[in-house]
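*Asks:* Can you read through this structure? Questions will come right after.
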Amino acid sequence: MTEMEMNEDIRGAIQALVRDAYRVSADLGDRVDRVLKGGIENPLSKAEVIELLNKVVVVLRNGAASRGDHETVAAMDRGVSSLVERVVSARGRVQGRRGLPTRILPLVARNGIDPKPVFPRPVFHGMEVAMNGGFLKTADIDLWDDNKRLDIHLGQFSKQNGRAPASGELLDIMLSRMDLPGLDKEDQFAIVELARSIAVNGVRKPPIIDIDGTLLDGNRRVAACHYILNHDEFNSEERRRAEYIYVWQLTEHATDDEREAVVVSLNFEPDHKQDWPEYIKAREVYKEWHAMLALEPRMPNQRAQAAMKRELSKRFALGPEPATVTRYLKMVDWAQEFEDYHISDRGKDEFEVKHRSNRYFQYFDELAKGQRPGGVAHALGQDDAFRHLVFDLLFDGKFKNWRQIRQLKYIFENEDSREALQRARTETDLDEAEEHLENAMSIARHRRAEQREIGANSRIDTFVDWLEELPVRSFRDTIKPDRLQKLLRALRLVEKQAKAVLDGSS
């Protein structure tokens, strides 16, 4: 019998035991199913296999005996004895061929959850892989220094330093703290953002490790937990969530093919997860904000509102600062005004309008900016007709980018530009409408250039008067060095132009 045939034979015998257990009771069937379907590759000794199967058979024999089925009792005795020999023999050959790992990182129990086989067995790249689930202390998990995501970074570090990075240096690389030429200082792997989510929710998807603790999947999650434990942004409760991580661990009998299947499945195959649209998330934040305000006896002052927004931001894993919450609230205010206009004034279908809000939601961020004179929001707030004109253009998809939204504050001040914008609204052909829209922008830009030229003389007079009256010591004591450099750059820029004009006129 080949090894494949032998394994199929064992699997069939185990399935028969499970069926018999279900005949006795559903509860027993569930228990037997959970244990036996862990498979023969779970780390059980021969004595443990015999003890486990004998426990199952005792219950099954008692059930058969109570029914007076003596032939079934005898058959079970013979079948289990044979099954135990086949299971132990197969395990011995597997262990002898693969060898045992030199180091085993044991899983631990936590919060009443003991380490045990993951059931049903997870499937990676079409292959069932036996695993155990349990907890590990974050400090005991090293980041994966063979992660292909870091291939360029690790090669660069090794070339600079002549060695591989230590664990702390690997974390610095993932946090974009390592000075590596060609890299920006931004959080390239979004570890901080992930850490803020874990601080609120814990690690929701178990990282996968080999029997010796080598990470096969979850490098970013583990790095984020290390960040939480070593950063004062997080409180004690949030650190507690990151202190231990529930992981899946391969057994000591895992093959290289199974390891490769895990890596390929989780890094090459898309998980097809789609984030909620920002419109939906912003509406949830907006709803919760107004629920918080409703509980206050009176409108909180600015400081209290800032504290409430920080709380809300952390609750929705948006970071420790309230900026995103504030932005969402403004965007939803504008989206609601957009929706009210099209539903109430224009008589459009409610859900068609909401779909438009979802599609063009980012534009509301630009519409909300500039509430002081000279800003977009201020211009739209001064004139209902102009605001509704913009809402119509937005609904019809005639704005092509956010830069056009920013130009609205200049179009508002120019009658010719507004007329071009109105022609864009009535035009049904999108290409023609886009041309009218560009004309409106061009007219506004040209008018601004004219105004800058007309006011240039008076502005220069004002600047020169101010500069001449400025005490010399201010250059040393008051003006910052970067401002001085900026001033010199501007003066050098205009010096050549001014000299060329003056020389030509002499």
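*Asks:* Among the residues of the range 244-261, how many are of a type outside the set (Ser, Thr, Tyr), modelled with pLDDT of 95 or more and either under 20 Å from residue 167 (Cα atoms) or part of a helix (DSSP H, G or I) (or both)?
*Replies:* 2
*Asks:* Same structure again: Determine whether the range 163-170 contains at least one residue that is touching a helix residue (DSSP H, G or I) at 6+ places or on another chain (Cβ under 8 Å), open to solvent by less than 60 Å² (accessible area, probe 1.4 Å), assigned to a loop (DSSP other than H, G, I, E, B) and more than 30 Å from residue 315 (Cβ to Cβ).
*Replies:* There is at least one residue in the range 163-170 that is touching a helix residue (DSSP H, G or I) at 6+ places or on another chain (Cβ under 8 Å), open to solvent by less than 60 Å² (accessible area, probe 1.4 Å), assigned to a loop (DSSP other than H, G, I, E, B) and more than 30 Å from residue 315 (Cβ to Cβ).
*Asks:* State yes or no: is residue 271 under 18 Å from residue 328 (Cβ atoms) and not in a helix (DSSP H, G or I)?
*Replies:* No; evaluated as a whole, the condition is false for this residue.
*Asks:* Which residue is nearest to residue 225 (Cα to Cα), if the candidates are limited to the range 111-148 and must be open to solvent by 60 Å² or more (accessible area, probe 1.4 Å) and part of a strand (DSSP E or B)?
*Replies:* Across the range 111-148, the extreme among qualifying residues is 137.
*Asks:* Additional query: Which count do you get for residues in the range 205-231 that are under 19 Å from the mean Cα position of the chain (by Cα) and among the acidic types (Asp, Glu)?
*Replies:* Looking only at that region, the number is 1.
*Asks:* Something else about it: Is there any pair with a first residue in the range 420-441 that is among the hydroxyl-bearing types (Ser, Thr, Tyr) and a second that is surrounded by fewer than 19 Cβ atoms within 10 Å (Cβ to Cβ) whose Cβ atoms are under 7 Å apart and which are 6 or more apart or on different chains, and what are they?
*Replies:* Close Cβ pairs (under 7 Å, with a partner that is surrounded by fewer than 19 Cβ atoms within 10 Å (Cβ to Cβ)) do not exist here.
Residue by residue, here is whether (1) in contact with a Phe, Trp or Tyr (Cβ under 7 Å, 6 or more places away or on another chain); (2) modelled with pLDDT of 95 or more; (3) surrounded by fewer than 12 Cβ atoms within 10 Å (Cβ to Cβ) holds:
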{"position": "344", "(1), (2), (3)": "no, yes, yes"}
{"position": "353", "(1), (2), (3)": "no, no, no"}
{"position": "373", "(1), (2), (3)": "no, no, yes"}
{"position": "385", "(1), (2), (3)": "no, no, yes"}
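*Asks:* Kindly indicate whether residue 439 is of a type in the set (S, T, N, Q), farther than 20 Å from residue 364 by Cβ and at pLDDT 85 or above.
*Replies:* yes
*Asks:* Pull up the range 249-266, narrow it to residues that are out of contact with any Asp or Glu (no Cβ under 9 Å at 6 or more places or on another chain) and of a type in the set (A, V, I, L, M, F, W, C), then point me to the one that is most open to solvent (accessible area, probe 1.4 Å).
*Replies:* By that ranking, first place goes to 264.
*Asks:* Would you be able to say whether some residue in the range 296-315 is in contact (Cβ under 8 Å) with a residue 60 or more places away in the chain and open to solvent by 60 Å² or more (accessible area, probe 1.4 Å)? Talk me through it step by step, then tell me what you get.
*Replies:* Residues of the range 296-315 that are in contact (Cβ under 8 Å) with a residue 60 or more places away in the chain, as a first pass: 314-315.
Next, from what is left, pick out any that are open to solvent by 60 Å² or more (accessible area, probe 1.4 Å): 314-315.
For the range 296-315, residues in contact (Cβ under 8 Å) with a residue 60 or more places away in the chain and open to solvent by 60 Å² or more (accessible area, probe 1.4 Å): present.
*Asks:* Scan 329, 389, 380, 408 and give me the residue that is surrounded by 13 or more Cβ atoms within 10 Å (Cβ to Cβ), closer than 30 Å to residue 228 by Cβ and of a type outside the set (Gly, Ala, Ser).
*Replies:* The match here is 329.
*Asks:* Sticking with this structure for a sec: Kindly check whether there is at least one residue in the range 410-430 that is at pLDDT below 90, charged (D, E, K, R), outside any helix (DSSP H, G or I) and over 40 Å from the mean Cα position of the chain (by Cα).
*Replies:* yes
*Asks:* Pairs needed: first member in the range 341-359, aromatic (Phe, Trp, Tyr); second member anywhere, part of a helix (DSSP H, G or I); C-beta distance under 7 Å; at least 6 residues apart or different chains.
*Replies:* Final answer for the pair search is 341/388; 341/391.
*Asks:* Also, quick follow-up: For the range 191-217, enumerate the residues that are surrounded by 13 or more Cβ atoms within 10 Å (Cβ to Cβ) and in a loop (DSSP other than H, G, I, E, B). Give the steps one after another, and end with the answer.
*Replies:* From the range 191-217, those surrounded by 13 or more Cβ atoms within 10 Å (Cβ to Cβ) are 191-200, 202-203, 206-217; that's our starting set.
Passing the criteria: 202, 203, 206, 207, 210, 211, 212, 213, 214.
*Asks:* Within the range 468-489, count every residue that is of a type in the set (A, V, I, L, M) and exposed (fewer than 10 other Cβ atoms within 10 Å of the Cβ).
*Replies:* The first filter runs over the range 468-489 and keeps only residues of a type in the set (A, V, I, L, M), leaving 470, 472, 479, 484, 487-488.
If we keep only those that are exposed (fewer than 10 other Cβ atoms within 10 Å of the Cβ) too, we end up with 472.
So the answer is 1.
*Asks:* Could you say whether any residue in the range 286-306 is in a helix (DSSP H, G or I), closer than 24 Å to residue 355 by Cα and among the acidic types (Asp, Glu)?
*Replies:* yes
*Asks:* Please give the number of the condition residue 273 fails out of (1) closer than 30 Å to residue 355 by Cα; (2) open to solvent by 60 Å² or more (accessible area, probe 1.4 Å); (3) at pLDDT 90 or above.
*Replies:* Here residue 273 meets the rest and fails (3).
*Asks:* Anything in the range 219-233 that is out of contact with any Phe, Trp or Tyr (no Cβ under 7 Å at 6 or more places or on another chain) and open to solvent by 10 Å² or more (accessible area, probe 1.4 Å)? List them, or say none.
*Replies:* 221, 226, 227, 229, 230, 231, 232, 233, listed by residue number.
*Asks:* Quick one: what pairs do we get from the range 368-382, first residue free of Cβ contacts under 8 Å to residues at least 60 places away in the same chain, second polar (S, T, N, Q) and assigned to a loop (DSSP other than H, G, I, E, B), C-beta under 8 Å, 6+ apart or different chains?
*Replies:* 377/371; 378/371; 381/371
The values are calculated or read from the model by the stated rules, or taken from the named source; none is laboratory data. From a predicted model like this one, the values you see are computed outputs, not experimental measurements. For neighbour counting, all protein chains shown are included, and Cβ atoms are generated from backbone atoms with ideal geometry for every residue, glycine included. Side chains included, ligands, DNA and RNA excluded: accessible areas come from the protein's heavy atoms. Shrake-Rupley method; radii C 1.70, N 1.55, O 1.52, S 1.80 Å.
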